[in-house]
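For reference, the structure discussed in these notes is given below.
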Amino acid sequence: MDDLIIAAIRQRLKTKVTDLGRPPRVGLIPGNPVDMASDEEHFLFLLPSLLKRIYAEIGNGGFGPGYGLIGLTNGVPDDSGKTALAIYEIFRSAPELGWPDGLLPICHWGCAIYSCVDCLDPDFPMRIFDPNVHDGDGWTDAFFAESPRFEDWIRSWASGVNLWDAMYGDSGHITRILSARRERP
């Protein structure tokens, strides 16, 4: 199954490197497995095996949904110049956020919105962090389910699904959640 997803990503990259922004100035550079293993030791959790294959075989960030996957060590950073490791550490060091352990930001959508993979759940579900909708004491209202598994999420993108519209479009699931919140007394 992973081979089919890798092939679908390669096919999608022929027409679209990222959904937003410009393609990277340099070609995609595969990640170093030694760096990835070191990152996993630093994180104290394992990455989804498919994500590691994507980083190692296609590129260590710089392509994919949104502004592209955020690279790990020595990979393509997000638009603020930070790798996934750095962003995770920043979020974890802000106690007021209550950032969940193992929730790794891997895709930036702009406006501080991140798609994150829950590396402590064996299914590796995807969650959205959107601080722009926070309105309360805790930050739990800024986290949303995005996809039941990383594999489903990246397969959807590779098959041409507009993930942003699926979340925030007129009938997107986060749009519906936010609308229901506004209707509550």
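Nothing in this text is a laboratory measurement; each read-out follows from the coordinates by a stated rule. Not measured: the values here are computed from a predicted model. Methodologically, a virtual Cβ is constructed for each residue, glycine included, from the backbone with ideal geometry; neighbour enumeration extends over all protein chains shown.
Below, the figures for the structure above:
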read-out	value
Length gained when the stretch Leu178-Trp139 is fully extended (0.36 nm per residue, less Cα-Cα span)	12.6 nm
Label zone at Thr15, where the point sits 7 Å out along the Cα-to-Cβ direction: the range 117-160 residues whose backbone N lies under 20 Å	153-160
For Ser147, Ser156, Ser171, Ser80, order by how many other beta-carbon atoms lie within 10 Å, fewest first	Ser171, Ser80, Ser156, Ser147
Crossing angle, helix 2-13 versus the chain [Cα axis fit, 0-90 degrees, rounded to tens]	90
Per-residue [θ]222 nm for the chain (sum of -39500 (n - 2.57) over DSSP H runs n ≥ 4, rounded to 500)	-10500 deg cm²/dmol
Test item: Cα-centred dipole of the chain, Lys/Arg +1 and Asp/Glu -1 on Cβ, debye	720
Anisotropy class of the range 87-131 from Cα gyration tensor, a/c 1.5 cut	oblate
Distance (nanometres) between label positions extended 7 Å along Cα→Cβ at Leu46 and Ile90	3.0
Pairwise centroid distance, computed over Cα atoms, of the range 5-20 with the range 52-79, Å	13
